[in-house]
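Have a look at the structure below before the remarks.
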Amino acid sequence: MTKPVLRFAPSPTGLLHVGNARVALMNWLYARKSGGKFILRFDDTDPERSKDEYVDAIREDLEWLGLDWDREERQSLRQDKYDAAIADLKKRELLYPCYETEGELNWKRKAARQRHQPFIYDRKALTLSDDEIAALEAEGRKPHWRFLLTDGLVEWDDLTRGLCSFDTEHVSDPVLIREDGSLLYMLGSVVDDLEMGVTHIIRGEDHVTNTVSQILLYLAMGGKPGALEFAHMPLLAGPGGSQLSKRLGSLSLRELRNDGFEVEALVGLLTGLGASDKIEPASLAQVLEKFDLDHYGRSTPKFDPAELASLNEKVIHDMSFETARPKLVAAGMADANEMFWNAVRGNCWRVAEALEWWDVIHQTVIPEIDAEDVDFVKQAAEMLPEGELDATSWKSWTTALKDATGRKGKQLFMPLRKALTAREHGPEMSAMLVLIGSEKARARLCGKAV
């Protein structure tokens with residue numbers, strides 16, 4: 001039995017966003033779960049918009065997610081393959097020239113909307129005489145080229161949507177070549193899918209209608225019926241149900257990573273949305289172990305940055321010092337130790353949040369001491385143990401203060417926290433007291449800014 005071959009084919013015209021990242025994850029997971037192959041193929045046939053910097057960025061983002069690939073291709077280096085396919089399609093009159101301008105096509109689209117009908121290209125170009133074509137070309141018009149669809153039904157059993165059936169009467173002949181000679185994605189994609197032995201395509205449901213043309217082009221170029229399987233998954237929506245905008249920089253993987261989001265949080269969310277399982281932070285290995293495309297439904301999954309932040313918080317709370325250490329160094333806490341990290345991680349939703357508590361320990365803090373607590377805090381300073389403090393110092397100190405003053409609960413602990421950290425909330429004071437140290441703690445309790 002042939003092992004599945006899947007591909008992820010991004011256009012390197014910008015940074016990788018969460019929607020495309022989810023598509024990449026699904027294709028990789030399906031390939032690896034089935035023991036198949038995963039191809040990274042850059043759709044870089046648009047020379048003006050495709051940039052090498054985005055190729056590098058996409059590679060880097062995929063590697064950050066944990067993805068690897070068995071083969072990498074760039075369509076810009078395969079033009080000879082596409083030229084041969086174009087020549088063959090033209091020879092068989094399956095690719096035909098059309099001379100309508102974009103303005104004329106827009107007028108036809110507008111007229112169709114006014115009739116409350118979808119726009120279907122009328123194939124007027126097929127009726128042009130040689131003299132009419134010569135006259136149009138004399139005007140300086142250059143043709144775009146459309147693929148002539150076969151009349152009839154096109155059906156496939158979609159791995160996500162079930163049986164899909166379309167009558168080509170309701171589908172326009174697709175444009176494969178622009179007026180300037182550049183290719184639209186479909187021709188290059190089908191040529192490559194055939195040559196590279198792609199067997200499965202997992203992508204967004206916005207491509208469902210394109211699949212009709214893609215299947216017919218695939219067959220016209222020698223593909224076997226049923227050899228290519230599709231899964232069209234619902235597109236991610238925002239928290240309110242609106243479609244995610246690709247223009248939102250905050251949803252690029254680069255921005256999310258720079259903002260301190262951990263890969264386990266993003267992988268857990270992107271692979272958990274739309275599935276029947278509970279969404280939890282997860283490594284790629286954990287997701288792969290239980291991955292099954294059948295677990296994903298038809299409802300629209302909602303990508304909520306607040307949910308991502310909540311998952312990230314869980315990752316941080318469980319993160320070991322060994323994992324956190326290089327991130328702490330990068331955030332300006334080069335001398336952080338395990339005691340510090342274990343003390344503060346429960347108050348962070350990302351590693352960089354630890355800097356607040358690093359500054360409380362190492363930078364100047366102006367103590368907050370309410371008027372009614374001045375005498376109590378002064379007494380606390382006098383009763384603070386001399387010398388090096390340890391994990392038991394806070395309890396023994398506050399117990400002694402309780403016995404001496406009669407204070408307890410919030411009345412006992414809050415004035416001490418505010419004097420030592422200038423905050424009402426934060427990490428456990430038993431650890432913070434040790435980290436601040438006896439000398440600095442006593443000075444702050446005496447109202448000194450240190």
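Arg417: buried (at least 20 other Cβ atoms within 10 Å of the Cβ), modelled with pLDDT of 95 or more, closer than 20 Å to Glu382 by Cβ and charged (D, E, K, R), yes or no? Against the criterion (buried (at least 20 other Cβ atoms within 10 Å of the Cβ), modelled with pLDDT of 95 or more, closer than 20 Å to Glu382 by Cβ and charged (D, E, K, R)), Arg417 does not qualify.
Listed by first and then second residue, the pairs with beta-carbon distance under 7 Å, at least 6 apart or on different chains, first residue in the range 117-131 and touching a residue at least 12 places away in the same chain (Cβ under 8 Å) and among the aliphatic types (A, V, I, L, M), second assigned to a helix (DSSP H, G or I) and surrounded by fewer than 14 Cβ atoms within 10 Å (Cβ to Cβ), are Ile120/His170. Given the conditions (1) more than 30 Å from Thr271 (Cβ to Cβ); (2) surrounded by 17 or more Cβ atoms within 10 Å (Cβ to Cβ); (3) in contact with a strand residue (DSSP E or B) (Cβ under 7 Å, 6 or more places away or on another chain), and given that Leu126 satisfies all but one, which numbered condition is not satisfied? Among (1) more than 30 Å from Thr271 (Cβ to Cβ); (2) surrounded by 17 or more Cβ atoms within 10 Å (Cβ to Cβ); (3) in contact with a strand residue (DSSP E or B) (Cβ under 7 Å, 6 or more places away or on another chain), Leu126 violates only (2).
Taken together, Arg7, Arg59 contain a single residue that is closer than 30 Å to Arg257 by Cα, of a type outside the set (Val, Ile, Thr) and in a strand (DSSP E or B), which is Arg7.
Scanning the range 363-385 turns up at least one residue that is assigned to a loop (DSSP other than H, G, I, E, B), without any contact (Cβ under 8 Å) to a residue 60 or more places away in the chain and touching a Phe, Trp or Tyr at 6+ places or on another chain (Cβ under 7 Å). Please work out if Asp192 is of a type in the set (Asp, Glu) and either in a loop (DSSP other than H, G, I, E, B) or over 32 Å from the mean Cα position of the chain (by Cα) (or both). Against the criterion (of a type in the set (Asp, Glu) and either in a loop (DSSP other than H, G, I, E, B) or over 32 Å from the mean Cα position of the chain (by Cα) (or both)), Asp192 does not qualify. Restricting the range 400-450 to residues that are outside any helix (DSSP H, G or I) and among the acidic types (Asp, Glu) leaves a set whose member that is nearest to Gly346 (Cα to Cα) is Glu428.
For the range 19-41, filtered to residues that are more than 16 Å from the chain's Cα centre (by Cα) and crowded, with 22+ Cβ neighbours inside 10 Å, the residue that is nearest to Leu6 (Cα to Cα) is Ala31. Looking across the range 302-342 at every residue that is at pLDDT 95 or above and among the basic types (Lys, Arg), the one that is surrounded by the most Cβ atoms within 10 Å (Cβ to Cβ) is identified as Lys327. Assess whether Val208 counts as being under 22 Å from Asp294 (Cβ atoms), touching a Pro at 6+ places or on another chain (Cβ under 9 Å) and β-branched (Val, Ile, Thr). Here the answer is no, as Val208 does not meet what is asked. Taking the range 344-366 as the range and being of a type outside the set (Val, Ile, Thr) and in contact with a Ser or Thr (Cβ under 9 Å, 6 or more places away or on another chain) as the test, the residues that pass are Trp349, Trp357. For the range 19-42, the condition holds for at least one residue, the condition being that it is touching a Lys or Arg at 6+ places or on another chain (Cβ under 6 Å) and in a loop (DSSP other than H, G, I, E, B).
Among the residues of the range 343-352, is any farther than 23 Å from Ala265 by Cα, crowded, with 19+ Cβ neighbours inside 10 Å and out of contact with any Cys (no Cβ under 6 Å at 6 or more places or on another chain)? No, the range 343-352 has no match at all. Contact map, the range 157-168: first residue exposed (fewer than 11 other Cβ atoms within 10 Å of the Cβ), second residue charged (D, E, K, R), Cβ cut-off under 8 Å, separation 6 or more or different chains; pairs are Leu163/Glu155; Leu163/Asp157; Ser165/Glu155.
The values are calculated or read from the model by the stated rules, or taken from the named source; none is laboratory data. Values in this document were obtained by computation on a predicted structure and should not be read as measured data. Here the Cβ is made from the backbone with ideal geometry for all residues, glycine too, and neighbour counts use every protein chain on show.
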